[in-house]
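Beneath this line is the structure, given in C-alpha cells, with notes to follow.
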Amino acid sequence: MNKFTLPLAAFTVLVAVLAVGLTLNPRAVPSPLIGKPAPDFNVARLDDPSLDFSPGDMAGKVWLLNVWASWCVACREEHPVLVAYAKNESAVPIIGLNYKDKRDDGLLWLARYGNPYQLSAFDADGRVGIDYGVYGVPETYLIDKAGRIRFKQTGPITAAALEKNILPLIKELNR
Amino acid sequence: MKWLLAALTAFCFIQPALPSPVAPLAEDPVIEHRLNHIAEELRCLVCQNESLAGSRAELAMDLKREVRDLIKAGKTDAQVKEFLVTRYGDFVLYRPPLKPTTYLLWAGPFALQLVGIALLVRYLRRRNRKDGRKALNEAEEERVDAL
C-alpha cells in the first residue's frame, strides 16, 4: 500500500460528504406534522366574519391549505399557479389561510389577483399558523380524506413543484 | 486578588445594564426571566442563526408571546419546548436530543478523537521501532570506542 493511499481515500470521502452537503438546503425545516392529523382550529372567514371555518368541515375530502398574506411577496409569485390550478375540473378544493393580515388588505389582494380559494380563513394573530409550524409564507399543506397532513410545501408552489410533487400525491390520495 | 475582586464586582454592576433581548416593560420580571432563559435555547425559524431570545423577527415575537402564555399557564420548561418541537421539529432546539438519528452527531467528535489517538500511537510506536533498528551494531560500537 502506497503511503498516499490512506490520506487520498480520506480526502475523497471528505469531498464526497461536502459535495452531498452542498446539494442540501440548510433552510429547509422538515415538518414533524407529516402523517399527523391536521391541527384543529376554528376561525372566522375572511370574506364574512360571521361565518367560521374549521378543518373538520373538509372531512372526507382531499384538500389543500394554502397560507398566504397580502404583505407576502412570494405569494404573488405563487398565486397565478394556484389560480390556474383551481380552474381545472379535477382540482381539489383550496382553502386559504390569510395569515397575520388586515381583512381589507386581504380582500383587496384577492380582488386584484384572483381568488382560487373555496374560502379563506382569517388568522389575524398568527396562532393557527404557529399550530401548523408556519415559518415562512407561503406554505401549503396537502390534507387527506382522514384529515392527515400528507405533504407540506414551504415557499411558493411553482408549476414544476405542483406537477412533480403535489398532483401525483393528490391522484393517489383520491383513489 | 483585590483588583480581581474589584473587577468582578464591577462586572456584576455592568450585567443589568445590558439591553434585555425581550423588553420586559410592564410584564412580570420572573416570567420574562424564564422566557429569556428558554428562548436562548431555541432557534428562530426566520433568521436561523439567531436564538429566539435575540430575534426581532415577527414570528419570533409571536412565538415568545406563545411561550409567555404557556409559562403563565404553569407549564414547565420541558413542556414549553415540547410545544415548539411538535410544531417545528427538533430543528428549533439548539441542543438536539439524543436519539438514533443524532447518535453520529453526539458521538462523532469523540469517535474522531479516538481515531486520531490510535493513529498517533501507531505512528509513535513505528517511529520507535525504526530508531531501534538504526541502533549501532557491534562493529560500529568498536569503531566508536576506537575514536
**Request:** Scan the stretch A:19-53 residue by residue and report those that are under 21 Å from A:V137 (Cβ atoms) and among the small types (G, A, S).
**Result:** A:A28, A:S31, A:A38, A:A44
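Just a yes or no: is a residue in the stretch A:86-97 away from chain B (no Cβ under 14 Å), part of a helix (DSSP H, G or I) and within 20 Å of A:K145 (Cα to Cα)?
Yes: the stretch A:86-97 contains one or more residues that are away from chain B (no Cβ under 14 Å), part of a helix (DSSP H, G or I) and within 20 Å of A:K145 (Cα to Cα).
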**Asked** Are any residues in the stretch A:26-50 touching a residue at least 40 places away in the same chain (Cβ under 8 Å), within 14 Å of chain B (Cβ to nearest Cβ) and in a loop (DSSP other than H, G, I, E, B), and if so, which ones?
**Response** A:A28, A:V29, A:S31, A:P32, A:L33, A:I34, A:G35, A:K36, A:A38, A:P39, A:F41
**Request:** Name every residue in the stretch A:160-175 that is of a type in the set (A, V, I, L, M, F, W, C) and surrounded by fewer than 12 Cβ atoms within 10 Å (Cβ to Cβ), in order of residue number.
**Result:** A:A160
**Prompt:** Just for the stretch B:66-104: of the residues that are assigned to a helix (DSSP H, G or I) and of a type in the set (K, R), which one is farthest from the chain's Cα centre (by Cα)?
**Reply:** B:K72
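Readers should treat all values here as calculations from the given coordinates under stated rules, not as data from a laboratory. The model shown is predicted, which means the values in this text are computed figures rather than measured ones. Using ideal geometry, Cβ is built from the backbone for each residue, glycine included, and neighbour counts are taken over all protein chains shown.
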